[in-house]
Amino acid sequence: MKIVAFEHNGQSGVGLVSSDLLQVQPFDLPQAQRALGALPIVEMQVRGDALPKLLPAIALADVKVIAPLPKPRRNIFCVGKNYYAHAKEFAGSGFDSSAKSGGDIPADPIIFTKVPECVVGPDAVVEMPSVSTAIDYEAELAVIIGKGGKGIAAKDAMSHVWGYTIVNDVTARDWQMRHQQWHMGKSFDTFCPMGPYLVSADELDGAKTRVRCFVNGELRQDASTADLIFDIPKLIETLSAGITLYPGDVIATGTPVGVGIGFKPPKYLKSGDVMRVEIDGIGHLENPVR
Ligand code: MG
């Protein structure tokens, strides 16, 4: 199934996307739950509850699609340098404060987080902050946790995956370097475009799908998630070793080669640019920069 969160006639909604991607059938839920997007639906499925009644379909063209998890319960988990070619590109850029610790390819997953308040939806403006001159895009497959848990072994991890969505891990590279951590420069307001849908794991093989990013129509990133250094089971095993995972948690799995700092000179984003991330089996996520 594909779950979309939206606004329609001043109300929040969440519903099932039709197979032709033209319509949404809203779930009959109280407003407080609808405002959380797909989260209550994921939680109901994890509990084994029946899903709410479906209301009459609305054309997707008539609603404003928002992030499928517009208010994540907590920070978005993210993985740094998780594609072989990107790890080399980043280490060679001079912006990698972690590069000294052991060459290009990390021995263990590099984990950081983005604050939940930086999530925005499809077509939402990503704001250029006045305090940075080095804003970059990062196309990523994001895993949505279904059943939570702690100490999840890699061999069991896929049974904890509800599904997937697209995340653009927008980054202020100068802040990422200067402050010796990745949290601030990746958590600026509007720096986490997400969407357009949550796609359940039975509809998509996250271990083998194509991730692409275009800036103003120019292809910048194009890779398969089969090239991940640490695969999805390893990421879940690592994160859950000491942190209990909950339904609706988001893990952005890292970005492929082709980010702006990989070019010489770097191709930073500028006002008026349009970023477009495409992932086969999910759709596209487009956001203008202003
Ligand atoms: Mg990233």
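The values are calculated or read from the model by the stated rules, or taken from the named source; none is laboratory data. Note that the coordinates shown come from a computational prediction; the quantities given were computed from them, not determined experimentally. Cβ sites come from the backbone with ideal geometry, for glycine too, and all protein chains shown count toward neighbours. For accessibility, only protein heavy atoms count, side chains too; no ligands or nucleic acids. Shrake-Rupley method; radii C 1.70, N 1.55, O 1.52, S 1.80 Å.
With the gyration tensor restricted to C-alpha atoms of segment 177-290, the semi-axes of the equivalent ellipsoid amount to 25, 19, 15 Å, longest first.
Could you tell me what percent of the accessible area of segment 15-94 is made up of carbon and sulfur, with a 1.4 Å probe and every protein chain present? Ligands and nucleic acids excluded, carbon and sulfur reach 56 percent. Relative to a virtual label point 7 Å from the Cα of Asp202 in the Cα→beta-carbon direction, which members of segment 37-52 show backbone nitrogen distances below 18 Å? Only 41-52 pass the distance filter.
Note on Met1 and Ala154: the model spin-label points, each 7 Å out from Cα along the C-beta direction, lie 3.2 nm apart. Put a plus charge on the Cβ of each Lys and Arg, a minus charge on the Cβ of each Asp and Glu, and nothing anywhere else: the dipole of segment 2-66 about its Cα centre is then about 60 debye.
You can think of it this way: the chain between Ser130 and Val274 has 50.0 nm of extra reach, that is 0.36 nm per residue less the Cα-Cα gap.
How long are the three semi-axes of the equivalent ellipsoid for the chain, computed from the Cα gyration tensor as the root of 5 times each eigenvalue, in whole Å, largest first?
30, 22, 16
Grab the other residues whose beta carbon is less than 12 angstrom from that of Ala87, score K and R as +1, D and E as -1, and report the net. Net local charge, Ala87 excluded: -2. The charge dipole of the chain, taken about the Cα centre with unit charges on the Cβ atoms of Lys, Arg (+1) and Asp, Glu (-1), comes to about 500 debye, rounded to the nearest 20. Once you order the gyration tensor axes a ≥ b ≥ c over the Cα atoms, which shape class does segment 140-201 get: rounded for a/c under 1.5, otherwise prolate or oblate by comparing a/b with b/c? Note, shape of segment 140-201 comes out oblate. Dipole orientation for the chain: of the candidates Phe214, Val257, Ser132, Ser132 has the Cα lying most toward the positive pole (charges on Cβ; Lys, Arg +1; Asp, Glu -1).
Normalised per residue, the accessible area of the chain is 41 Å², obtained with a 1.4 Å probe and no contribution from ligands, DNA or RNA.
The separation of segment 231-288 from segment 173-227, counted between C-alpha centres, amounts to 2 Å.
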